[in-house]
1. Before I look further, what does segment 19-92 give for accessible area per residue, probe 1.4 Å, in whole square angstrom?
2. Cα centroid distance between segment 11-30 and segment 38-117, in Å?
3. Go ahead and collect, in residue order, the members of segment 49-90 whose backbone nitrogen is under 14 Å from a label point 7 Å along the Cα-Cβ direction of Cys42.
4. Just to confirm the filter: which trypsin sites (Lys or Arg not before Pro) across segment 1-75 are DSSP coil and have at most 11 other Cβ within 10 angstrom of their Cβ?
5. How many percent of the accessible area of the chain is carbon or sulfur, using a 1.4 Å probe?
6. About the Cα centre, and with charges only on the beta carbon of Lys, Arg (+1) and Asp, Glu (-1), how big is the dipole of the chain? Nearest 20 debye, please.
7. Could you tell me what fraction of 2.2 N^0.38 Å the Cα radius of gyration of segment 68-126 comes to, as a two-decimal ratio?
8. How high is the relative contact order of segment 1-76, given as a whole-number percent (alpha carbon pairs under 8 Å, six or more residues apart)?
Amino acid sequence: MVVYSMADSAGGFFSIDKFTGIVILEHTLDREVQSTHHITVCASDHGSPLPLFSLVNITVTVLDINDNPPVFERRDQLASVSESAGVGTEVLRVSASSKDIGTNAEISYSIRSGNEHKKFYIDPLT
């Protein structure tokens, strides 16, 4: 009969069912805090005269979810443009980033208000 135990539970984030060996999550994970966890599982028997055991190291990779909004580098910005500026003149460049990764970190830009007469254009990708 094999019995399972945790030699290292990654700070209590994981536990194990001693009869099935199923690893169980005990606390919510956050990839932005820690992207991987390392646990060590021990399988032991009740052999006689000496019980035997084996260890396995497991790396748990935390996948990203879209849980962080994009944040602008600067919250308020001010721009001036001459009334003689030509069409296509760059007036201002904004930049935002996200703590997420992959497609969850992709940002698109749009003008939400103040452009009722369509005098301004923003590139949705940059």
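1. On the way: 6110 Å² over 74 residues.
Value for segment 19-92: 83 Å² per residue.
2. 26
3. Those under the cut-off are 51-57.
4. Details: sites: Lys18, Arg31, Arg74, Arg75; in loops: Lys18, Arg31, Arg74, Arg75.
Here the trypsin sites (Lys or Arg not before Pro) that fit, given the DSSP loop and packing criteria, are Arg74, Arg75.
5. On the way: 5510 of 10100 Å².
Carbon plus sulfur share of accessible area: 55 percent.
6. On the way: 9 positive and 16 negative charges, 46 e Å.
Rounded to the nearest 20 debye, it is 220 debye.
7. Details: Rg = 13.6 Å, N = 59, 2.2 N^0.38 = 10.4 Å.
Output field value: 1.32.
8. Values: 121 pairs, mean separation 21.4, N = 76.
Over segment 1-76, the number comes to 28 percent.
The values are calculated or read from the model by the stated rules, or taken from the named source; none is laboratory data. Since the model is a prediction, treat every value here as computed from it, not as a measurement. A quick note on method: Cβ atoms are made from the backbone with ideal geometry, for glycine too, and the neighbour counts reach across all protein chains shown. With ligands, DNA and RNA removed, areas are computed over all heavy atoms of the protein, side chains included. Shrake-Rupley method; radii C 1.70, N 1.55, O 1.52, S 1.80 Å.
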